[in-house]
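Have a look at the structure below, then the notes.
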């Protein structure tokens with residue numbers, strides 16, 4: 001016999017999964033930044049140099065806020 | 001679950017466990033404090049997450065540029081944080097103490113599982129492979145292997161006993177331990193559903209699919225957390241590109257490594273893995289081999305690095321290897337176990353030294 005409680009719990013969890021997946025379809029910031037490596041097919045080193053020189057897609061927007069290269073963004 | 005357990009059967013394995021930890025820690029002392037000496041590569045990420053939580057953004061300094069701790073799932077760092085809260089030691093020490101304490105439990109349930117469900121004849125050999133071989137190094141330091149191994153074996157026990165509610169509880173934690181965790185649970189559910197169809201018990205199909213649904217809840221919870229923290233629910237996957245990993249057809253990475261003559265240790269390890277997974281299927285270890293096969297296919301799709309760790313660092317591999325050795329002559333067994341012991345000691349040394357000959 002089908003356990004109704006299990007069925008109900010499964011449906012609830014699947015609804016939650018669908019909600020999270022819908023969020024995953026619309027990232028707010030980091031996804032485009034990470035995918036930059038893939039889209040441009042460049043290495044992390046090249047990307048770092050481009051960003052340092054303000055030539056990258058982000059035009060150095062994140063690095064401008066950095067005090068020193070070995071600091072985290074959030075620390076500055 | 002653990003009825004009819006005789007503690008005297010575990011005395012020699014416990015002695016092997018203590019000896020293996022003694023050798024590991026004694027080798028580490030030559031380099032520095034064991035908790036610091038054993039912490040290499042991914043360990044620093046886990047300890048950092050335990051200490052400070054997950055980053056909101058990727059790092060900007062050169063040697064970690066574009067990286068963040070998002071691919072490292074939260075169960076192990078949360079446990080380290082909990083142990084730190086209880087005993088108050090340094091995070092590196094807490095990670096080491098936790099893993100080395102969990103190692104006894106891993107040994108206990110692996111021997112229990114192998115004896116009850118895989119008909120292992122000689123548990124001392126299994127204990128030796130599990131604890132003294134080169135791939136035991138992953139269980140003894142601050143990596144997720146020990147916790148993951150315990151959860152995988154528990155999942156296998158509950159699958160074989162058809163306890164789907166207990167399996168669901170394990171599934172939740174397994175999916176929070178490693179990205180492959182939810183796929184292990186999927187393998188368990190598929191195994192149960194297959195037996196269900198075979199015995200024409202169709203009413204149990206939904207019950208046996210439930211653990212996978214609960215496993216997805218673990219991943220979804222972490223994804224929602226990442227969405228709130230990093231702004232990308234799939235950041236754990238997207239960030240892998242910063243380690244040079246991206247999805248390819250499983251064989252493509254092996255061909256690339258052979259053509260460029262790079263990461264050959266990963267290629268050799270992949271072929272050994274394939275041999276033992278096939279051996280598992282041939283010897284009726286269907287669930288065990290299925291779990292290893294799914295893990296293998298997922299890992300090899302992202303690159304050949306760490307193939308030895310993903311498969312050989314899984315207690316199910318030790319069980320298959322033990323059964324393989326049981327079929328061989330006494331002399332072959334002795335030579336293999338001696339070689340495993342010597343390479344085990346060497347691998348520990350190379351690990352502390354930071355050399356990558358075996359990794």
(1) at pLDDT below 90; (2) more than 14 Å from chain A (Cβ to nearest Cβ); (3) farther than 24 Å from residue B:137 by Cβ all hold for residue B:61 apart from (2)
Residue hits (region B:222-242; modelled with pLDDT of 85 or more and surrounded by fewer than 19 Cβ atoms within 10 Å (Cβ to Cβ)) are B:224, B:225, B:228, B:229
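Residue-wise test of (1) over 14 Å from residue B:105 (Cβ atoms); (2) buried (at least 24 other Cβ atoms within 10 Å of the Cβ).
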| site | (1), (2) |
| --- | --- |
| B:139 | no, yes |
| B:142 | yes, yes |
| B:147 | no, no |
| B:160 | yes, no |
| B:163 | yes, no |
| B:174 | yes, yes |
| B:179 | yes, no |
For residue B:143, the lone unmet condition from (1) at pLDDT 95 or above; (2) more than 10 Å from every other protein chain (Cβ to nearest Cβ) is (1)
Looking across region A:1-25 at residues that are within 9 Å of chain B (Cβ to nearest Cβ) and within 18 Å of the chain's Cα centre (by Cα), the single one that is farthest from residue B:164 (Cα to Cα) is A:25
**Request:** Report yes if residue B:213 is in a helix (DSSP H, G or I) and within 14 Å of chain A (Cβ to nearest Cβ), otherwise no.
**Result:** yes
Going through region B:227-239 in order, the residues found to be under 23 Å from the mean Cα position of the chain (by Cα) and at the interface with chain A (Cβ under 9 Å from one of its Cβ atoms) are B:234, B:235, B:238, B:239
Of B:214, B:219, the only residue that is under 18 Å from the mean Cα position of the chain (by Cα) and buried (at least 18 other Cβ atoms within 10 Å of the Cβ) is B:219
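The values are calculated or read from the model by the stated rules, or taken from the named source; none is laboratory data. In this text the structure is predicted, and so the values were computed from the model without any measurement. Heads up, the Cβs are rebuilt from the backbone with ideal geometry, glycines too, and the neighbour counts pull from every protein chain shown.
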